[in-house]
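Below is one structure; the comments refer to it alone.
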Amino acid sequence: HYSEPWVVLLDGFWRMPIWSPTAAEKWGPEEFDKHLVGAGPFTLEEWLPNSHVTLEKWDGYGGWNSISEEGGTARLSRVTINFIGEEAVLGSVVQTGDAHIAMNLPAAYIDDYVDTERFRLIRGYQAGTGLSMVMNTRKAPFDILEFRQALLYGTDQVAINELLYDGHYLPSYGPLNTVHPCHWDGNEKRYPHDPEKAKSLLEKTGYRDQDGDGMREAYGVPGIADGTPLSLSWTVLHYEEIGEAVQAQWRELGIDLVIEMVPGPVQLEKVNARDFDFIYERQRSPDPMLLDMLWNSANDVVGGWAWTGFVNEELDETVSQLRVVPEHDARCELAHSAQKIIMDNALMIPTLSEPVFYAVSEKVVGFQLMSEGNYHFLHNTYIRD
């Protein structure tokens, strides 16, 4: 029961499955995930952690999901999902015939599956934030707009994409990526790569290389002792390589960027303690409600997702309306306004957006992706002889 409209309710339902109360009571929290009960075309036969999951066709399935093209059971009798941690193995497993499909194909192996008769490459896109890094505006010098803008002008994500991913990732220009239904293209030319502009803004902020060692120090920066080197931390769960590429670009500006890899629980500890400079924050959803969750200052609480500490009355009011306005076009207009405010205030580094790449054998027929490319359907899939 809600006290006011909550227009994303249905979007949440598919992310929160309705579990069988009988199975939950029988197996309890410790064993329930090993005895799954559902209404799809497969049942869980075996799960060996860090090795594989085996699914078996359910003979009682009636084809009642709208994705099913024919009534009745699935055409596959069994599906084995192997977990492969080595990129080289994952990149070649379809070519060698050891698997029919490889999900999350590493970018270095994409060209092996393009324009071939035996395989095809499928790109699945994920509407959301992309691989964003948000800034902690509570602490100096991130409380200075010109300093934050300098970092955006000093970042060349096109070069990063070519260097690391052969250009296969997507550029990102703001808090919603380019495949999001409510992406605003007004930010696409807001911060072109301009190292000289970045250096000028850093000088204006009070950072200069006075001792000639190539790195900048603070002089007259509010909240920073004179002579303090310009050293910043980049805290991530993964995609360390993006941080290293930014590190090289910013070194040319006189900035020392330190890459910090942490596990998820440590990331949240640092967020709750407000102990970070940049921190990785990624969410996936085609609904613009993401902007309310991530940028409404009311969510700047322990356990909340508004991590930057930025408070802006216009932004809060704009994203709050996303909870109650149901019309798609009106929601996107609100989202456009919010994206402009966020990037006018330079609150994040929108590095890149990662597609999900699938290598698929030509023997596979009927494999389908959802609108969010990290999910797929096997209801109509079969293997051709």
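Determine the sum of side-chain charges near residue 195: Lys and Arg each +1, Asp and Glu each -1, restricted to other residues whose C-beta is under 13 angstrom from that of residue 195.
Values: positive: 197, 199, 251; negative: 156, 194, 196, 203, 252.
Charge balance in the 13 Å sphere: -2.
When the scattering of the range 1-75 is computed by the Debye formula from its Cα atoms alone, each counted once and equally, what is log10 I(q)/I(0) at q = 0.23, 0.25 Å⁻¹?
-1.13, -1.18
Whose amide H sits under 5 Å from the amide H of residue 119, counting only residues 5 or more places off or on another chain, with H placed in the peptide plane?
Counting only residues 5 or more places away or on other chains, the set is 362.
Checking a compactness column here: for the range 306-360, what do you get for Rg(Cα) / (2.2 N^0.38 Å), N being the number of residues? Please report the intermediate quantities before stating the final value.
Working: Rg = 14.8 Å, N = 55, 2.2 N^0.38 = 10.1 Å.
Relative to the 2.2 N^0.38 Å estimate, the range 306-360 comes out at 1.46.
Reported to two decimal places, what Rg/Rh ratio describes the range 55-200 when computed on Cα atoms with Rh from the Kirkwood expression?
Details: Rg = 21.9 Å, Rh = 19.6 Å.
We get a ratio of 1.12 for the range 55-200.
Positive end of the dipole of the range 117-253, charges at C-beta (+1 Lys, Arg; -1 Asp, Glu), about the Cα centre: which of 151, 200, 250 has its Cα farthest in that direction?
Going by the Cα projections, it comes out as 151.
Count the DSSP beta bridges whose two residues both fall in the chain, then state the antiparallel fraction as a percent rounded to the nearest 5. All intermediate terms of the calculation are to be shown ahead of the outcome.
Details: 37 of 45 bridges.
Percent antiparallel among DSSP bridges in the chain is about 80.
How large is the direction-averaged shadow of the alpha-carbon convex hull of the chain, in nm²? Mind showing how you got there, number by number?
On the way: hull surface 89.7 nm².
With every direction weighted equally, the projected area is 22.4 nm².
What's the carbon and sulfur percent of the chain's accessible surface, probe 1.4 angstrom, rounded to a whole number? All intermediate terms of the calculation are to be shown ahead of the outcome.
Numbers: 9880 of 19470 Å².
It is 51 percent, rounded to a whole number.
Determine, for each peptide in 289-295, 272-278, the mean count of other beta carbons within 10 angstrom over its residues, then list the peptides with the highest first.
Details: 289-295: 23.7, 272-278: 15.9.
Top to bottom by mean Cβ count within 10 Å: 289-295, 272-278.
Can you list the chymotrypsin sites (Phe, Trp or Tyr not before Pro) in the range 317-384 that are in a DSSP coil and have 14 or fewer other beta carbons within 10 angstrom? Don't jump to the answer; show the numbers that get you there.
Values: sites: 357, 358, 367, 375, 377, 382; in loops: 367, 375.
Filter output for the range 317-384: 375.
Would you work out if the range 1-141 is rounded, prolate or oblate? Take a ≥ b ≥ c from the square roots of the eigenvalues of the alpha-carbon gyration tensor; rounded if a/c is under 1.5, else prolate when a/b is larger than b/c, oblate otherwise.
Details: a/c = 1.65, a/b = 1.03, b/c = 1.60.
Oblate.
Let me check against my output: what whole-number percent is the relative contact order of the chain, with C-alpha pairs under 8 Å and at least 6 apart?
Numbers: 706 pairs, mean separation 93.0, N = 385.
Across the chain, relative contact order equals 24 percent.
Just need the Rg to Rh number for the range 264-334, please, alpha carbons only, Kirkwood Rh. Numbers along the way, then the final one.
Details: Rg = 13.3 Å, Rh = 13.1 Å.
Answer for the range 264-334: 1.01.
In 5 Å bins starting at 0, how do the alpha-carbon pair distances of the range 152-200 split up by percent?
Cα pair-distance distribution for the range 152-200, in percent: 5, 21, 23, 23, 19, 8, 2, 0.
For residue 189, give me every one of the lysines with a C-alpha distance below 16 angstrom, ignoring sequence neighbours fewer than eight places off in its own chain.
Residue 189 reaches 197, 340.
Rounded to the nearest 500, what is the chain's calculated 222 nm mean residue ellipticity when only DSSP H runs of at least 4 contribute -39500 (n - 2.57) each, over all residues? Display every interim value, and only then the final one.
Details: 11 runs with 103 residues, N = 385.
The per-residue figure over the chain is -7500 deg cm²/dmol.
Report the percentage of all Cα-Cα pairs in the range 179-230 whose separation exceeds 13 Å, rounded to a whole percent. Spell out each step's value before the answer.
Working: 883 of 1326 pairs.
For the range 179-230, the share of Cα pairs beyond 13 Å comes to 67 percent.
Have a look at 171, 21, 41 and tell me which one the Gaussian network model of the chain (Cα, springs below 10 Å) gives the largest fluctuation.
Largest GNM mean-square fluctuation: 21.
Return the sequence-ordered ³J(HN,Hα) values of the range 91-106 in whole Hz as given by the Karplus equation 6.51 cos²θ - 1.76 cosθ + 1.60 applied to θ = phi - 60°, using x for Gly and Pro.
Result, rounded to whole Hz: x, 10, 5, 7, 4, 7, x, 7, 8, 8, 9, 10, 9, 6, 4, x.
Taking θ as phi - 60°, what are the ³J(HN,Hα) couplings along the range 57-74 by the Karplus curve (6.51, -1.76, 1.60), each to the nearest whole Hz, with x for Gly and Pro?
Here the 3J(HN,Hα) series is 4, 8, 5, x, 6, x, x, 7, 6, 4, 6, 5, 7, 10, x, x, 6, 5 Hz.
So which aspartates and glutamates pass the test for residue 26, namely a Cα distance under 17 Å, with those fewer than 8 places away in the same chain ruled out?
Partners found: none.
Percent of Cα-Cα pairs more than 18 Å apart in the range 258-385, please.
On the way: 5290 of 8128 pairs.
Looking at the range 258-385, the distances longer than 18 Å represent 65 percent of pairs.
³J(HN,Hα) across the range 319-332 via Karplus (A = 6.51, B = -1.76, C = 1.60, θ = phi - 60°), whole Hz, x for Gly/Pro?
6, 4, 5, 5, 6, 10, 8, x, 6, 4, 4, 5, 5, 5
Can you list residues whose amide H is under 5 Å from residue 369's amide H, if they're 5+ apart or on another chain and H is modeled 1.01 Å from N?
Here 377 satisfy the definition.
How big is D for the range 213-289, in µm² s⁻¹ as a whole number, if Stokes-Einstein is applied with the Kirkwood radius of its Cα pairs at 4 °C and 1.567 mPa s? Please list the in-between numbers first.
Numbers: Rh = 14.3 Å.
It comes out at roughly 91 µm²/s.
Express the accessible area of the chain per residue in Å², computed with a 1.4 Å probe while the remaining protein chains stay in the model.
Numbers: 19470 Å² over 385 residues.
On a per-residue basis, the chain sits at 51 Å².
Of the chain, which part is the longest with no GluC sites (Glu not before Pro) in a loop (DSSP not H, G, I, E, B) and with at most 11 other C-beta atoms within 10 angstrom? Intermediate results must be reported in sequence, preceding the final value.
Working: sites that count: 69, 70, 86, 117, 327.
Maximal segment without exposed cleavage sites: 118-326.
The values are calculated or read from the model by the stated rules, or taken from the named source; none is laboratory data. The model shown is predicted, which means the values in this text are computed figures rather than measured ones. Glycine also receives a Cβ, built like all others from the backbone with ideal geometry; neighbour counts cover every protein chain displayed. Calculation scope for accessible area: heavy atoms of the full protein, side chains included, ligands and nucleic acids excluded. Shrake-Rupley method; radii C 1.70, N 1.55, O 1.52, S 1.80 Å.
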